[in-house]
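Participant: Take this structure, written in structure tokens, and hold onto it; I'll ask about it next.
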Amino acid sequence: MLDPHERYMGYAIREATRAMEQGEVPVGCVIVHEGQIIAKGHNERETLQDPTAHAEVIAITAAAAALGSWRLEDTQMYVTLEPCPMCAGAIILSRIQTVYFGASDPKGGCCGSLMNLLEDERFNHQPVLQGGLMAEECGDLLRTFFREIRAGIRARQN
């Protein structure tokens, strides 16, 4: 039987796969409340032409609607890529209790790679943070996506 954390991250990976199928950077996210997935999201920046349409922001908006409150205090987020500064800020402001992420993001991650906004005690809320959950599977999606992008660019240049 799958560990519950791996099961929820599996749903986030499915969301990331949906993003990739739509030509989006494959990042997926689910939010869990009382053992049930109440919201999901995947990157839609290209589709919506909206720089804020990250998987986490979309899922946070859906979770707030599902709970009828912007305070997501008793929720857990599972996201395939370490959140960026914008998403880390949204996580803090929405008061998500725990964040699990898969792959680290050395170029934009703000949950330990470049800095750690979620554990900064100057903010009024610090979610519990666990990185590296199913990191290999999450990273493989990103590597595959960017390898295909580079191959397409090279093919057009030849």
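The values are calculated or read from the model by the stated rules, or taken from the named source; none is laboratory data. Since this is a predicted model, take the numbers as computed values, not measurements. Methodologically, a virtual Cβ is constructed for each residue, glycine included, from the backbone with ideal geometry; neighbour enumeration extends over all protein chains shown. For accessibility, only protein heavy atoms count, side chains too; no ligands or nucleic acids. Shrake-Rupley method; radii C 1.70, N 1.55, O 1.52, S 1.80 Å.
Participant: Looking only at segment 16-69, count how many residues are assigned to a loop (DSSP other than H, G, I, E, B) and small (G, A, S).
Facilitator: So the answer is 5.
Participant: Name the pairs: first residue in segment 122-135 and farther than 14 Å from H5 by Cα, second residue charged (D, E, K, R) and open to solvent by less than 40 Å² (accessible area, probe 1.4 Å), Cβ to Cβ under 8 Å, at least 6 apart or on different chains?
Facilitator: Listed by first residue and then by second, the contacts come to Q126/D120.
Participant: Only one of S94, S113 is touching a residue at least 12 places away in the same chain (Cβ under 8 Å) and in contact with a Pro (Cβ under 6 Å, 6 or more places away or on another chain). Can you tell me which? Step through it out loud before you land on a result.
Facilitator: Details: S94 fails: in contact with a Pro (Cβ under 6 Å, 6 or more places away or on another chain).
Exactly one residue qualifies, and that residue is S113.
Participant: Just to be sure I understand the filter: pairs with C-beta atoms under 6 Å, separated by 6 or more residues or on different chains, first member in segment 63-89 and closer than 19 Å to M134 by Cβ, second member assigned to a loop (DSSP other than H, G, I, E, B) and of a type in the set (A, V, I, L, M). Which pairs pass?
Facilitator: So the pair list comes out as M77/I96; T80/V27; L81/V27.
Participant: Could I ask something else about it? Sort out which residues of segment 78-103 are surrounded by fewer than 17 Cβ atoms within 10 Å (Cβ to Cβ) and closer than 20 Å to E24 by Cβ, and write them in order of number.
Facilitator: P85, M86
Participant: When you look at G10, is it part of a strand (DSSP E or B), touching a residue at least 12 places away in the same chain (Cβ under 8 Å), open to solvent by less than 30 Å² (accessible area, probe 1.4 Å) and not β-branched (V, I, T), yes or no? Please lay out each step first, then the result.
Facilitator: On the way: part of a strand (DSSP E or B): no; touching a residue at least 12 places away in the same chain (Cβ under 8 Å): yes; open to solvent by less than 30 Å² (accessible area, probe 1.4 Å): yes; not β-branched (V, I, T): yes.
It is false that G10 is part of a strand (DSSP E or B), touching a residue at least 12 places away in the same chain (Cβ under 8 Å), open to solvent by less than 30 Å² (accessible area, probe 1.4 Å) and not β-branched (V, I, T).
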